[in-house]
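In what follows, a single structure is set out as structure tokens and then discussed.
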């Protein structure tokens, strides 16, 4: 009976599952990389910081964001607005606010560190905040911006990351089960070539331009003196600023919002490695962090029954496999206890004394207000003491 | 003679009035302390509140119970579930009623609450319970004392030492013991600091009163409740059985056998020792098995009731096994090593795990080893035996507090007639005073200022233990000297009479 339910469970799950493997989506991570330095690459840092702000606003906490920046804009001597970074000439949002946590800054943003972050192979002394501690249920957003070209990405004017390096790293990640789904977003010139070599399943990639096309900056801020944002990121932000944490806009609507005429390049995305339909995947699966909570009454499991107290509330339609799993779990438990109860009952029916005890047990369980009964009994006891001590 | 009798009757009438004046003034003093001395923080001092007696832990256990979790979850509360249902509702905060007012008033209330830094226990009700427990204990002590005094007088007359049992030289030990209990700074501190030790003391005194006045159900009830609340009064079964079987405290049987030739009165006495001396020439006291069996029966009845009630309260949270593990198991295994005025916390903080069980057994058997020799030596004085047992258990228990000392000091006062010649009494008095004054100082130096360390506080605790040991040893030797002095008096007295 138990085996049959397991098989049925698995079948149901495999039909309803949204990705190839049967893991549950546990958490969301974001790796945001700005690969440029120097003042004239202000816009790249503004790009990354804008994404950082969006991703934080939609729910991913700092401990699950790895931010890699050259970080030489805000306190640059050329910055008219010290300690402030803007992504728009209206200067409405200061991206370099109070709670920006940069994990890799300055000369730490290297290809080696980037690959170490992705694959998780660090020296022993690297602190946890600099590690990508994802597990097999994580959704990871990887955003890279800077200067790039045909199948490469320039890192801080000194090195380059090639497309097969990236593909190798992703392959290692898949092998080590470090992600469930990965969204790679690249905003550089000829960005789509960077993910030519990817082969791992569960990866969705979008680049801001095709091979042979450049990605352009959006506008120049005459106050600061440099361009403050790139077009691709600008339109991405325009999409996200309208959202809050509860919206369920799909990835499809995000990808369709890119207009080649406005971007002055073609935003190309590849979905051949990604199974779910883009119209069914909410953007908060990657860009935010919406956790499903299951309400249970008891906090300490040791002495309370899970069956009677646990209630499952599911509102979002997207996490059906998870719901089905837990419902099946509860049904299984109920069946088990029913079986046990049946067995116990058949044993107890032999002895009338234990029948009485079982009845008493049930009655005891039904009594709700135990406290007043106990108090009354104590009072009765004291009365009996006084009466008996005065009589005897 | 009639004039003397009249005077004595008047004096006796005055004495109860004086007693009640002193008793009520002690209650008044407690009320004054409660209302005006809010900064003493008595309920958070380790001398007053131990993991077993703390009212905060009771409040926490009650809250857990209300949140439908086991009250023993999280290792906060380690007491009886019955106490939880009785005292729990008294610990609920009253701010609920005040939140319905407008925001300013709420702010005000919150500000006031923060300023006072008091317990979120509504003090007045809890204090009423502990004050009531104190008064009741005092009245019961007075009852015990009256009986003991009467017995002392009668025995003295039977031995030919005094002319009348109501001699003026006999001090009213009942009144003295009750007033010592009420005015003892330790008791006052426990009452104001809202620990549950007044209730435990009440149960013990109830047991002793029942045994002394021969009310068997009361004695059984008191003993069962005392054992249920804290484990150690279980050792009082021995003195209680002696009290019920052999009767009240009396000089050894041999003295009565020696004086039976001198005495020829027909007056009845409450001490079966003297009866025995008149009727049979044997040197064995009769043991009233019927009363003892009666007592055992009632004890079983009360234990069954208590077990059933506890099972009822804890039916959803693990039942009796959980209760025993968390109350008695906690007491015996000394899990909590926060400092108190005992000596075990320091030791168990540094003992290796390999030896932990061994030392636990050693320390608990330390109490058990003393029971048998003392019972053999002092079986003619069961009430005094009870006092000694209580003193030893409060010295060697896992989580002692000043409430235990309050109890045995007042029981000591029941024997002022016999212990009048106790040596070192002034030294002990100064010792107790010094230790109790230094203890909060050392605690402050260690915990709050950081200029001292654990050794300061532990040194104080060791000093306290030493004083208690000297106290116990001196009381026992004073009592035995008293018996020896009676023995010496008798042949001389005989010779004089002859």
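No value in this document is a laboratory result; all are computed from the given coordinates. Fair warning: this is a prediction, and the values are worked out from it, not measured in the lab. Neighbour counts run over all protein chains shown; Cβ positions are idealised from the backbone, glycine included.
Observations, loosely collected:
- Cα-derived Rg to Rh of region B:406-498, Kirkwood definition: 1.25
- On a per residue basis, the convex hull of the C-alpha atoms belonging to region A:29-175 measures out at 120 Å³.
- Listed by Cβ neighbour count within 10 Å, with the fewest neighbours leading, B:291, B:327, A:145, A:266 appear as A:266, B:291, B:327, A:145.
- Peptide B:65-76 shows a mean partner chain C-beta count of 2 within 10 Å per residue C-beta.
- Region A:154-298: equivalent-ellipsoid semi-axes (sqrt of 5 x gyration tensor eigenvalues, Cα, Å): 28, 22, 15
- Region B:146-189 and region A:85-131 have Cα centres lying 84 Å from one another.
- From most to least packed by mean Cβ count within 10 Å, the peptides A:245-251, A:33-39, A:126-132, B:474-480 give A:33-39, B:474-480, A:245-251, A:126-132.
- Each residue of region B:299-424 gets 167 Å³ once the volume of the Cα convex hull is shared out per residue.
- Across peptide A:69-81, the mean count of Cβ atoms from other chains lying within 10 Å of each residue's own Cβ comes to 0.
- Reduced Cα scattering model of region A:201-242, Debye log10 I(q)/I(0), q = 0.14 Å⁻¹: -0.46
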